[in-house]
Amino acid sequence: MIDIDTLLFVIVNRGKANAILKKAQELGAASGTIFLGEGTVQSKLLEAIGLTETHKEILMISSSRDLCSQLHALLNKEFMLSKRNQGIAFSIPFTQWQPGRKLDEEALDNLNPSHYCIITIVDKGRGKACIKAARAAGARGGTLIHGRGAGIPTDFYFPLVIEPQKEILLVVSAKEKVAAIQNKIFTDLELGKPGHGILFTLPVTQTTGLYENRAEESKGAVL
Amino acid sequence: MNLVYEKFKEVAQTLLPVVILVMILCFTIVDVDTSVIVRFLIGSVMLLIGLSVFLWGVDLAMNPIGEHMSHEIATSRSIYKIGILSFLLGFLVTVAEPDLLVLGQQIQAASGGTVSASLIVYVISFGVGIMISLGIFRLLRDRPLNIFMAITYSIIIGLGVFVSEEFFAISFDASGATTGALTTPFVLAISLGLSTVKGGRKSEENSFGLVGIMSAGPILAVMLMSIISGQKHIQGTAEAWAPAQGVLGPILSALPAIFLESIVALAPIAILFFIFNFAKFKLAKDEMVQVLKGLSFTLLGLTLFLTAVNSGFMDMGRIIGMELAAMSPWLLIGIAFMMGLIVVLVEPAVHVLGQQIEEVTSGHIPVKLIRMTLSIAVGTAIALSMVRIVVPAVKLWYFVIPGFVIAILLSLRSDPVFVGIAYDAGGVASGPMAATFVLAFAQGAAAVIPTANVLVDGFGVIAMIATAPVLSINLLGTIFRHKKVEYPELEKKEKVPTSHLLEERDMLHKCIIAVVDRGFAEKAIEVAREAGASGATILRGRGTDEHQKVKLPIINIELQPEKEIVLFVTREQVSGAIANSLLSNEQLAGDGKIKVFISPTEAMAETFVVPKQMESEPDPAPAETE
């Protein structure tokens, strides 16, 4: 189990990430990165008046395994993430790369993740359709992040590079539903066609605050 | 429910201090009629609802409209088309502004009818159109904003010497009138849209400044008009004032007129959008519905807000001003300062600007800090205006001209993002709250003090409010720059060969996340491509790092360095090579402080060249892939 660290992702309302990061650093986390995203609301009433977005912050902390469990416990206790609508946290096994480092393939076999994080990258404007597709296949919600693709410079009258705007959708879902959601997004958004976007999944080893399996979280189950 | 609650909370937080201050005054030193107090309280509730609804509307409608419009502008290849389109945008939005017509009528009355009101409106709108199109050219061509504004304001200061004090004040008031509640969010959205479409390293600083450029248009136009027509002095006096009677009567009677005004102000933006949507964008039905909802919210919110401010707040401001001025000049100046501190935060555009700052810099520039600076600046500005009303020997240009000269000098040394924010803030701070509540307060004070001229001194307040933020935020930017971690310039990028698409399917993939300091993402992609990566996606964020921690003294706000996160999905075979080459690149490792993370398990990846058969074949479970 040596070489596996994790990246802990915490998705909370805007303005909360700093406080969490501060606490995490007291526990020994080295550094964190925060970016802004949009959460989704599922409510007929709010949809009717056009309020389908909530502002979220996504906090990414790299940590060792042990630290990660501690952080989950902290989030659970201090920030009440296990309660509904307080935000979610999940960890994805990642290795912080150093030159010449080798991946420990064996350790990976033992991971046996309970959840997967499905990441879809599409052109700007299609993120909403992605969420719809994911919902139709049983996902609970998703987080949209705005990013840009590494564009190929196009010559205009001005020395103008049009940067392709992208939307990145994160959906965390239980193992059983992953295939269905993936397929639904893939077919609905025609990702098979070149240039329509990509989709990939990452294993999630530990979650906090995911509503679909609260009973498990309250025990603080790992893996 | 989140967003509704958040918006209400945000507005309530800024409105509450104003209500408390006014109530304290009413129950202690100032004697106000009960009906005015009740009207003020009703107005506050209306303002709370109106402003919150308005801000949603802006989120839903203005932002997408601005985005689509700016995309249209930026991607049109002809220089004429860009010029004409942006001129039209500026002209139409301004011509419909209700405040401007009121100003025009005032000038017409004051000049004894030699200059007609509609002429004034057209001249000013023309000025705005020209400035907007110049501003958009500047943005697309990446010319530095600080130089552009330095030239513009030097011309203004130069012209300012030739015009009378009255017209000096009126020209600034004209700029305050054009940057109304509706135009400012719209122009901010255009500017944001343009800079994101354009991209590049300067996209962040390009997101601001267009409002500032636009608000210079009316100043230039009015000054030139005064010089050309030879109009020097205003003969008229402000119309006689009597407080409205009753509680609900004034509110209800103001409502229809303001509703019409709001429709007229919103019309050009909406019509322009519908024409373009019909001809060009062809938005999907969902999106269209969103925009329509947003437009109705904007209209509803704006009407409520303006009615509340006009009928609930104006009389109150006037009475407080009169009573305080009669009591003691020191009290007047002190209360004016406190009023400025809190009133500016209720301006709708201040909220919009704050949100935009947060979006664009990913929270790197604390919005709190900008608000604090604005508060202090406007408080000082209003207090100084009161000094000017009390002491007639103190002229308006004593403050405004040195203010701008210092601001220009500072802007040459200030952080580029702040220069844009600073000039925008000038237009943003002189919004409807300043034009009604604060103006009425100043006019009330001027009416009591025999040496003051109600009309001229009233205009002067707006000029002061427009100047102070430019100065103070440029100052903040200068401090920020010295505190901030410097980002080294990137070396000239060589042409990157077009990415080779992945050909194999059923490949094992890895996900690589690289975190670098701002500005190094392009470099990282270049390095990764040489090592065999294909596409990449860049996210913008902020981070913390022990070595890069910077704290502002006294107010204890931490500045977090900006980061870029690059996301690669690569084939397994090359992932190690990519990671190694990313880390071994000296520039990235040294200056970019790169961190590379690799997901060690196979990511089930469907890259975009996967053929059709994928659909028929269910995804293999992860265990089987290995």
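The values are calculated or read from the model by the stated rules, or taken from the named source; none is laboratory data. No experiment lies behind these values; they were computed from the predicted model shown. Positions of Cβ are backbone-derived with ideal geometry, glycine not excepted, and every protein chain shown enters the neighbour counts.
For the subset of segment B:353-376 comprising residues that are part of a loop (DSSP other than H, G, I, E, B) and within 12 Å of chain A (Cβ to nearest Cβ), which member is surrounded by the fewest Cβ atoms within 10 Å (Cβ to Cβ)?
Per the criteria, the residue is B:366.
Out of the residues in segment A:192-218 meeting the condition of being at the interface with another protein chain (Cβ under 7 Å from one of its Cβ atoms) and over 19 Å from residue A:143 (Cα atoms), tell me which one is modelled with the highest pLDDT.
A:196
Could you please give the count of residues in segment A:129-150 that are facing chain B (nearest Cβ under 9 Å) and assigned to a strand (DSSP E or B)?
Looking only at that region, the number is 5.
Given (1) more than 14 Å from chain A (Cβ to nearest Cβ); (2) within 27 Å of residue B:273 (Cα to Cα); (3) among the β-branched types (Val, Ile, Thr), identify the lone condition not met by residue B:107.
In the conditions (1) more than 14 Å from chain A (Cβ to nearest Cβ); (2) within 27 Å of residue B:273 (Cα to Cα); (3) among the β-branched types (Val, Ile, Thr), residue B:107 misses (2) alone.
Quick check on segment B:281-300. Is at least one of its residues away from chain A (no Cβ under 14 Å), polar (S, T, N, Q) and in contact (Cβ under 8 Å) with a residue 12 or more places away in the chain?
So far as segment B:281-300 goes, no, none of its residues is away from chain A (no Cβ under 14 Å), polar (S, T, N, Q) and in contact (Cβ under 8 Å) with a residue 12 or more places away in the chain.
Hey, can you tell me all the residues within segment B:512-521 that are within 12 Å of residue B:583 (Cα to Cα) and more than 8 Å from chain A (Cβ to nearest Cβ)?
Matches in segment B:512-521: B:514, B:516.
Within segment B:182-202, which residues are more than 19 Å from residue B:295 (Cβ to Cβ), assigned to a helix (DSSP H, G or I) and within 14 Å of chain A (Cβ to nearest Cβ)?
Residues satisfying the conditions are B:194, B:195, B:196, B:197, B:198.
Is it fair to say residue B:283 is surrounded by fewer than 24 Cβ atoms within 10 Å (Cβ to Cβ), over 30 Å from residue B:38 (Cα atoms) and in contact with a His (Cβ under 8 Å, 6 or more places away or on another chain)? Reasoning before the result, please.
Values: surrounded by fewer than 24 Cβ atoms within 10 Å (Cβ to Cβ): yes; over 30 Å from residue B:38 (Cα atoms): yes; in contact with a His (Cβ under 8 Å, 6 or more places away or on another chain): yes.
Criteria met by residue B:283.
Would you mind stating whether residue B:55 is buried (at least 18 other Cβ atoms within 10 Å of the Cβ) and in a helix (DSSP H, G or I)?
It is true that residue B:55 is buried (at least 18 other Cβ atoms within 10 Å of the Cβ) and in a helix (DSSP H, G or I).
Can you find a residue that is of a type in the set (Val, Ile, Thr) and in contact with a strand residue (DSSP E or B) (Cβ under 9 Å, 6 or more places away or on another chain) anywhere in segment B:310-324? Break it down stepwise before answering.
Going through segment B:310-324, the residues of a type in the set (Val, Ile, Thr) turn out to be B:319-320.
Restricting the remaining residues to those that are in contact with a strand residue (DSSP E or B) (Cβ under 9 Å, 6 or more places away or on another chain) gives none.
No; the residues of segment B:310-324 include none that is of a type in the set (Val, Ile, Thr) and in contact with a strand residue (DSSP E or B) (Cβ under 9 Å, 6 or more places away or on another chain).
Out of B:104, B:127, B:90, B:113, report the one residue that is free of Cβ contacts under 8 Å to residues at least 40 places away in the same chain and in a helix (DSSP H, G or I).
B:104
Residue B:457 passes all but one of (1) of a type outside the set (A, V, I, L, M, F, W, C); (2) under 25 Å from residue B:163 (Cα atoms); (3) at pLDDT 80 or above; (4) part of a helix (DSSP H, G or I); which number fails?
Answer for residue B:457: the failing condition is (3).
Taking the conditions exactly as written (at the interface with chain A (Cβ under 10 Å from one of its Cβ atoms), modelled with pLDDT of 60 or more and part of a loop (DSSP other than H, G, I, E, B)), does residue B:524 satisfy them or not?
no
What single numbered condition from (1) farther than 26 Å from residue B:260 by Cα; (2) within 14 Å of chain A (Cβ to nearest Cβ) fails to hold for residue B:61?
Every condition holds for residue B:61 apart from (1).
Quick one: in segment B:353-369, of everything that is aliphatic (A, V, I, L, M) and modelled with pLDDT under 90, which residue is farthest from residue B:474 (Cα to Cα)?
This residue is B:360.
Between a first residue in segment B:43-54 that is touching a residue at least 24 places away in the same chain (Cβ under 8 Å) and under 14 Å from residue B:6 (Cα atoms) and a second residue that is assigned to a helix (DSSP H, G or I) and of a type in the set (Phe, Trp, Tyr), which pairs have beta carbons less than 6 Å apart while being 6 or more apart in sequence or on different chains?
B:51/B:305; B:52/B:8; B:53/B:297; B:54/B:305
Just give me the residues in segment B:377-398 being modelled with pLDDT of 90 or more and buried (at least 18 other Cβ atoms within 10 Å of the Cβ), in sequence order.
Selection gives B:377, B:378, B:379, B:380, B:381, B:382, B:383, B:384, B:385, B:386.
Does segment B:149-162 hold any residues that are more than 13 Å from residue B:422 (Cβ to Cβ) and either touching a residue at least 40 places away in the same chain (Cβ under 8 Å) or touching a Pro at 6+ places or on another chain (Cβ under 6 Å) (or both), and which are they?
Taking segment B:149-162 and keeping what is more than 13 Å from residue B:422 (Cβ to Cβ), we get B:151-152, B:154-162.
If the condition is that a residue be more than 13 Å from residue B:422 (Cβ to Cβ) and either touching a residue at least 40 places away in the same chain (Cβ under 8 Å) or touching a Pro at 6+ places or on another chain (Cβ under 6 Å) (or both), then B:152, B:154, B:155, B:156, B:157, B:159, B:160, B:162 are the ones that fit.
Do we have any residue at all in segment B:482-494 that's of a type outside the set (Phe, Trp, Tyr), assigned to a loop (DSSP other than H, G, I, E, B), surrounded by fewer than 20 Cβ atoms within 10 Å (Cβ to Cβ) and modelled with pLDDT of 80 or more?
No, segment B:482-494 contains no residue that is of a type outside the set (Phe, Trp, Tyr), assigned to a loop (DSSP other than H, G, I, E, B), surrounded by fewer than 20 Cβ atoms within 10 Å (Cβ to Cβ) and modelled with pLDDT of 80 or more.
Scanning for something more than 18 Å from residue B:16 (Cβ to Cβ), touching a Pro at 6+ places or on another chain (Cβ under 8 Å) and of a type outside the set (Val, Ile, Thr), does segment B:362-375 turn up at least one residue?
Yes.
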